[in-house]
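Asks: Once you've had a glance at the structure underneath, I'll fire off some questions.
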Amino acid sequence: MSVTLLVGSQKQLADGLPWLRQFAEKMKLRADILVLGLDHRTLEAHCGKELQSLWGERPVVGTPGKVALVESDVEAITRQMSDWDSRLLLMIDDVDDDRFQASLFDRCGVKSVWLSSKGPPPTTAGQVFSMDDASMKATRWISQRLLGVEPGLQLDHVWVEAEFEVTEKAGDDDRLKTSGLVSRGLELERQRCDAGDLIWVAFGSRPSTENHYEVARALLSGASNASVALVSRKESWQQSFFAGVRYWASHVAEPMGREARLELAQSLEEGSEPNLEFLGLISAAAMLAAFGLLQNSAAVIIGAMLIAPLMTPIMGAGLSLAHGNRPLFQRSLLTIAFGFAGAFFSSFLFGWLVRLVHHPVVTDEMWGRCNPSPLDFCVGLVGGMAASYARTRSHLSSALAGAAIAAALVPPISTAGLQAAFNVWESTEKGWPVFGPLILVCVNVLTIMIGTSFVLYARGLRVESGHKWATRMTVSLVTLLLLVLVWMLHLETWLFG
């Protein structure tokens with residue numbers, strides 16, 4: 001991820017570099033430069049030298065930034081920024097290219113800063129202004145994010161919206177109304193701002209449709225003392241959330257390389273295919289867990305967890321949510337169902353054989369899995385996140401995290417199979433036979449799947465373009481999980497009155 005400076009001249013480069021460095025350092029992102037015009041080879045080379053010097057003097061992030069030529073086209077710039085995974089576009093105001101910059105600021109698909117620089121970035125709150133009280137909340141967030149300094153002043157209090165309301169009620173001509181606001185804005189800037197100050201002007205996704213757009217444009221070109229920064233926020237709350245997740249994850253652990261991501265994705269896809277080897281292992285694990293449950297032996301149950309192969313198909317389902325891969329999701333669910341059926345049938349068969357030689361007894365280890373509670377959500381969620389994170393880090397062992405997943409799934413399935421074989425169906429104060437363990441299994445599968453998709457997405461196993469199916473499915477799974485959680489809170493009262 002990066003902050004991208006768009007330049008078309010040596011002056012824009014000189015004015016923009018201090019701001020590029022400041023923004024990139026505060027956001028902890030790479031600093032890139034796009035050069036307007038496919039024939040500006042000399043400027044491209046100069047940008048490369050400046051960027052190398054900037055990176056060598058004080059590293060912004062782990063790798064030096066990139067420099068590329070791009071044609072003066074909004075779509076071409078947007079595509080290049082998407083390829084670089086750029087989170088912010090910085091433009092330095094150029095009177096000769098004002099129309100193109102306005103179009104790019106209005107239509108660019110990522111957050112943009114259109115800046116008229118009168119000096120270096122400010123360092124104190126007393127140098128930073130917002131337009132008025134109404135915009136203080138938005139500009140405070142922007143300024144803290146990009147500069148590490150909160151706005152300490154306003155040009156005036158609610159003057160933009162207030163004057164619009166007054167003139168609209170009076171029925172004045174739109175041009176006259178805008179002209180008055182522009183004059184007022186420029187007058188306030190001259191009176192209140194000193195050299196080195198900065199005025200933030202915040203916009204939503206379509207700046208040109210907002211009331212204060214013309215005022216902001218006038219300040220951008222006509223301010224005499226302060227730098228003026230117009231900021232448009234293009235991201236939806238979902239995009240902002242996921243960008244924050246990626247930002248957090250990239251600083252907890254270095255992002256996975258492309259080869260590592262491809263290798264892991266291929267491994268999960270192959271492991272999500274149902275086959276006889278998977279069926280044999282899950283059946284053996286379920287029978288071993290059943291033996292441990294009957295003997296009240298935690299050691300034997302742990303041994304069953306170590307051979308259970310359930311982690312891979314559930315992680316495959318999580319990967320499908322991160323990738324938006326519906327066929328992989330369907331195959332993973334089929335494999336999970338296949339493994340569940342094999343484990344249930346093998347434990348049922350084991351319980352039926354036990355009945356032939358021994359009087360069946362439902363042990364404490366079995367009853368302990370018949371009364372699911374909200375705390376059981378934590379086992380699957382934490383286990384799934386730990387397993388997926390360990391799988392994305394080559395120096396960590398995923399076996400133990402895989403055992404944590406198996407701990408949440410194999411013993412409950414074996415408990416359900418044994419109780420069905422023993423013909424134990426009636427609920428008691430100890431719990432709900434058969435159905436209680438099955439509910440516990442379903443809850444753990446959902447929490448593991450959601451936790452896994454969260455970690456894999458954050459670690460880079462994702463497709464940048466949005467997938468409506470993946471979003472709908474994730475929301476549906478989370479909603480289902482919350483409904484089950486609410487139901488569990490009332491389960492004991494509903495069962496035992």
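The values are calculated or read from the model by the stated rules, or taken from the named source; none is laboratory data. Keep in mind the model is a prediction, meaning the values are calculated, not measured. Here Cβ is always computed from backbone atoms with ideal geometry, including for glycine, and neighbour counts include all displayed protein chains.
Asks: Considering only residues that are in contact (Cβ under 8 Å) with a residue 60 or more places away in the chain and not in a helix (DSSP H, G or I), look in region 352-367 and name the one that is surrounded by the fewest Cβ atoms within 10 Å (Cβ to Cβ).
Replies: V361
Asks: May I pose another question? Does at least one position in region 143-160 carry a residue that is within 13 Å of D194 (Cα to Cα) and either among the charged types (D, E, K, R) or surrounded by 15 or more Cβ atoms within 10 Å (Cβ to Cβ) (or both)?
Replies: Within region 143-160, one or more residues are within 13 Å of D194 (Cα to Cα) and either among the charged types (D, E, K, R) or surrounded by 15 or more Cβ atoms within 10 Å (Cβ to Cβ) (or both).
Asks: Pairs please, first residue from region 24-47 and touching a residue at least 24 places away in the same chain (Cβ under 8 Å), second anywhere and of a type in the set (D, E) and assigned to a loop (DSSP other than H, G, I, E, B), Cβ atoms under 7 Å, 6+ apart in sequence or on different chains.
Replies: Sorted first by the residue in region 24-47, then by its partner, the pairs are L38/E71.
Asks: What do you reckon, is W19 touching a Pro at 6+ places or on another chain (Cβ under 9 Å), crowded, with 17+ Cβ neighbours inside 10 Å, in a helix (DSSP H, G or I) and modelled with pLDDT under 85?
Replies: Here the answer is no, as W19 does not meet what is asked.
Asks: Could you tell me which of the residues F329, F345 is surrounded by 18 or more Cβ atoms within 10 Å (Cβ to Cβ) and either of a type in the set (A, V, I, L, M, F, W, C) or in a helix (DSSP H, G or I) (or both)?
Replies: Step by step, each of F329, F345 is checked, and only F329 is surrounded by 18 or more Cβ atoms within 10 Å (Cβ to Cβ) and either of a type in the set (A, V, I, L, M, F, W, C) or in a helix (DSSP H, G or I) (or both).
Asks: I would also like to ask the following. Going by the conditions given, is I439 out of contact with any helix residue (DSSP H, G or I) (no Cβ under 6 Å at 6 or more places or on another chain) and under 29 Å from M315 (Cβ atoms)?
Replies: Yes: the conditions hold for I439.
Asks: Show me the helices (runs of 4 or more DSSP H) found entirely inside region 201-281 where at least 1 residues are among the charged types (D, E, K, R) and at pLDDT below 80.
Replies: 237-252, 258-271
Asks: What number of residues within region 1-15 satisfy the criterion of being within 21 Å of K118 (Cβ to Cβ) and either buried (at least 21 other Cβ atoms within 10 Å of the Cβ) or aliphatic (A, V, I, L, M) (or both)?
Replies: Matching residues across region 1-15 total 9.
Asks: OK, next. Only one of these conditions is not met by V3: (1) part of a helix (DSSP H, G or I); (2) in contact (Cβ under 8 Å) with a residue 12 or more places away in the chain. Which number is it?
Replies: Exception for V3: condition (1).
Asks: Please specify each residue of region 86-103 satisfying the condition of being free of Cβ contacts under 8 Å to residues at least 40 places away in the same chain and either surrounded by 20 or more Cβ atoms within 10 Å (Cβ to Cβ) or closer than 14 Å to V74 by Cα (or both).
Replies: Listed by number, the residues that qualify are R99, F100, Q101, S103.
Asks: Considering each of A265, A260, A285 in turn, give the residue that is in contact (Cβ under 8 Å) with a residue 12 or more places away in the chain, out of contact with any Lys or Arg (no Cβ under 8 Å at 6 or more places or on another chain), surrounded by 18 or more Cβ atoms within 10 Å (Cβ to Cβ) and over 16 Å from I413 (Cα atoms).
Replies: A265
Asks: Can you spot a residue in region 67-85 that is in contact with a Lys or Arg (Cβ under 8 Å, 6 or more places away or on another chain), at pLDDT 85 or above and buried (at least 16 other Cβ atoms within 10 Å of the Cβ)?
Replies: For region 67-85, residues in contact with a Lys or Arg (Cβ under 8 Å, 6 or more places away or on another chain), at pLDDT 85 or above and buried (at least 16 other Cβ atoms within 10 Å of the Cβ): present.
Asks: Could you list, in sequence order, the residues of region 332-342 that are surrounded by 15 or more Cβ atoms within 10 Å (Cβ to Cβ) and under 20 Å from S453 (Cα atoms)?
Replies: S332, L333, T335, I336
Asks: Does region 290-298 include one or more residues that are over 22 Å from H358 (Cα atoms), among the hydrophobic types (A, V, I, L, M, F, W, C), more than 26 Å from the chain's Cα centre (by Cα) and part of a helix (DSSP H, G or I)?
Replies: Checking region 290-298: not a single residue is over 22 Å from H358 (Cα atoms), among the hydrophobic types (A, V, I, L, M, F, W, C), more than 26 Å from the chain's Cα centre (by Cα) and part of a helix (DSSP H, G or I).
Asks: Right, another one. Looking at this structure, is V60 modelled with pLDDT of 85 or more and closer than 19 Å to W19 by Cα?
Replies: So V60 does not fit the description; no.
Asks: Of the residues S388, S414, only one is in the same structural domain as E259 (by TED's automatic domain parsing), within 26 Å of the chain's Cα centre (by Cα), modelled with pLDDT of 75 or more and surrounded by 21 or more Cβ atoms within 10 Å (Cβ to Cβ); which?
Replies: S388
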